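Have a look at the structure below before the remarks.
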Amino acid sequence: MSTMHTDPWLGLNPDARARLETRDYSLADLGQRLATTGVNASEAIAGRATLGDTWIPGVELFQRKVYQQKGRGYFGELTRLNEGTLDRIGLAPRQWASAMMHRDSAKGFHIHPPHIPEGTVPSEWFRKLYLDEPENYALRPYDREQWDVMFFLTGICEMLLVDERQGMPRRVMRFTIPGDSRSGPDNAAVIIPSGVAHALRNIGNEDLIMVYGTSTVFNPAWEGRIASDVEKAPLPPDWDRYLASGTSA
């Protein structure tokens with residue numbers, strides 16, 4: 001009579017068993033996943049009220065409407081001037097731009113310097129803006145620092161945000177937003193405050209095309225980079241050696 005073995009991997013070679021790993025398919029707490037492995041945009045939006053200890057103050061995620069047009073394509077709304085999240089927080093972008101990231105590429109971390117009023121301690125200023133008076137949007141100096149609002153048209157974007165503002169808890173948010181070409185509940189836009197580092201990866205199988213607005217016009221002096229080696233395309237080591245060798249007389 002056969003017996004049931006309790007170890008399902010008993011039939012593997014000992015060396016394979018010693019190296020074996022299995023994936024944990026259980027779902028951790030939403031806040032923990034947002035800060036580590038990442039979540040879909042719709043999960044973060046739906047759970048916003050429970051994420052007070054994880055959410056980066058000033059960051060906004062809001063769902064978008066993408067209308068499928070059978071046999072033709074789709075139509076996706078970006079934003080309306082007098083309603084929605086941008087209207088609520090009083091952010092009116094002064095410049096609009098587009099960008100494209102090829103498949104399997106990444107950029108960032110990018111960061112823009114936050115404006116600190118003269119004679120003000122940065123940590124106290126941020127506390128006033130985001131902790132003491134978080135809904136007093138008129139206090140925010142949109143015209144003196146760069147805020148980004150990003151929309152994705154094609155591809156799938158994995159985004160990571162890190163709060164680097166002095167005196168604020170260093171929180172991490174990680175989420176995925178598909179472009180309009182993959183319409184569904186995760187179609188969303190993201191608003192990123194200055195002082196929050198942001199990185200993007202194209203994890204889809206097509207180019208990632210985005211449209212983004214900024215609260216100020218482009219200023220090269222405000223384009224900071226942290227841990228951005230992923231943006232570089234290093235030459236093969238033997239090419240570097242050859243280029244550095246010089247020429248003989």
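Quick one: 3J(HN,Hα) in Hz for segment 158-165, Karplus 6.51/-1.76/1.60 with θ = phi - 60°, rounded, Gly and Pro as x.
Result, ordered by residue: 9, 10, 10, 10, 9, 7, 10, 7 Hz.
Starting from the alpha-carbon convex hull of segment 1-49, give the projected area averaged over all orientations, in nm². Can you show the working numbers first?
Details: hull surface 24.7 nm².
For segment 1-49, the mean projected area of the Cα convex hull comes to 6.2 nm².
For the chain, what is the relative contact order in percent, using Cα pairs closer than 8 Å and at least 6 residues apart in sequence?
Values: 452 pairs, mean separation 69.8, N = 249.
RCO, the chain: 28 percent.
Which loop trypsin sites (Lys or Arg not before Pro) in segment 1-46, with loop taken from DSSP, have no more than 12 other Cβ atoms within 10 angstrom of their Cβ?
Working: sites: 17, 19, 23, 33; in loops: 23.
Filter output for segment 1-46: 23.
Determine by what factor the alpha-carbon radius of gyration of segment 80-215 differs from 2.2 N^0.38 Å, reporting the quotient. Numbers along the way, then the final one.
Values: Rg = 15.7 Å, N = 136, 2.2 N^0.38 = 14.2 Å.
For segment 80-215, the normalised Cα radius of gyration is 1.10.
Kindly write out, for segment 207-221 in residue order, the coupling ³J(HN,Hα) from the Karplus curve 6.51 cos²θ - 1.76 cosθ + 1.60 (θ = phi - 60°), rounded to whole Hz, with x marking Gly and Pro.
4, 9, 10, 10, 10, 9, x, 10, 6, 10, 6, 4, 9, x, 5
For the pair residue 81 and residue 238, what calculated FRET efficiency results from E = 1/(1 + (r/R0)^6), where r is the Cβ-Cβ distance and R0 = 51 Å, to the nearest 0.05? Spell out each step's value before the answer.
On the way: r = 56 Å, r/R0 = 1.09.
For residue 238 and residue 81, the calculated efficiency is 0.35.
For segment 1-123, what is the charge dipole size about the Cα centre, in debye to the nearest 20, if Lys and Arg each add +1 at the Cβ and Asp and Glu each add -1 at the Cβ?
Working: 14 positive and 13 negative charges, 129 e Å.
Dipole size: approximately 620 debye.
Under 5 Å between amide H atoms, partner at least 5 residues away or on a different chain: which partners does residue 109 have, H built in plane at 1.01 Å?
Amide H neighbours of residue 109: 226, 228.
What order do 222, 9 take when sorted by accessible area (1.4 Å probe), most exposed first? Intermediate values should be presented prior to the final figure.
Details: 222 65, 9 110 Å².
Descending order: 9, 222.
Specify, per residue and in Å³, the volume enclosed by the convex hull of the alpha carbon atoms belonging to segment 41-144.
Values: hull volume 18.9 nm³, N = 104.
Spelled out: Cα convex hull of segment 41-144, divided by residues, is 181 Å³.
Mind jotting down the distance between the C-alpha centroids of segment 8-72 and segment 179-249, whole Å?
Measuring centre to centre over Cα atoms gives 23 Å.
With the crude spin-label approximation of a point 7 Å out along Cα→Cβ, what separation in nm comes out for residue 207 versus residue 137?
3.3
Points 7 angstrom from Cα along the Cβ direction at residue 217 and residue 18: gap in nanometres?
6.6
If you average 1/r over all unlike Cα pairs in the chain and invert the result, what Kirkwood radius do you get in angstrom? Before the final figure, lay out the partial values.
On the way: mean 1/r = 0.0477 Å⁻¹.
So the Kirkwood estimate lands at 21.0 Å.
Taking 1 over the mean of 1/r across every pair of different Cα atoms in segment 33-81, what Kirkwood radius in Å do you get? Please list the in-between numbers first.
Details: mean 1/r = 0.0760 Å⁻¹.
Radius from the Kirkwood sum: 13.2 Å.
How big is the charge dipole of segment 96-249 about its Cα centre, in debye rounded to the nearest 20, if each Lys and Arg gets +1 on its Cβ and each Asp and Glu gets -1 on its Cβ? Let's see the in-between values first.
Numbers: 15 positive and 21 negative charges, 43 e Å.
Taking the Cα centre of segment 96-249 as origin, the dipole is about 200 debye.
With each label point set 7 Å from Cα along the Cα-Cβ vector, what nm distance links residue 144 and residue 74?
Label-label distance for residue 144 and residue 74, simple model: 4.1 nm.
The values are calculated or read from the model by the stated rules, or taken from the named source; none is laboratory data. It should be emphasised that the depicted structure is a prediction, and the values quoted were computed from it without experimental measurement. No Cβ is skipped: glycine too gets one built from the backbone with ideal geometry, and neighbour counts run over all protein chains shown. With ligands, DNA and RNA removed, areas are computed over all heavy atoms of the protein, side chains included. Shrake-Rupley method; radii C 1.70, N 1.55, O 1.52, S 1.80 Å.
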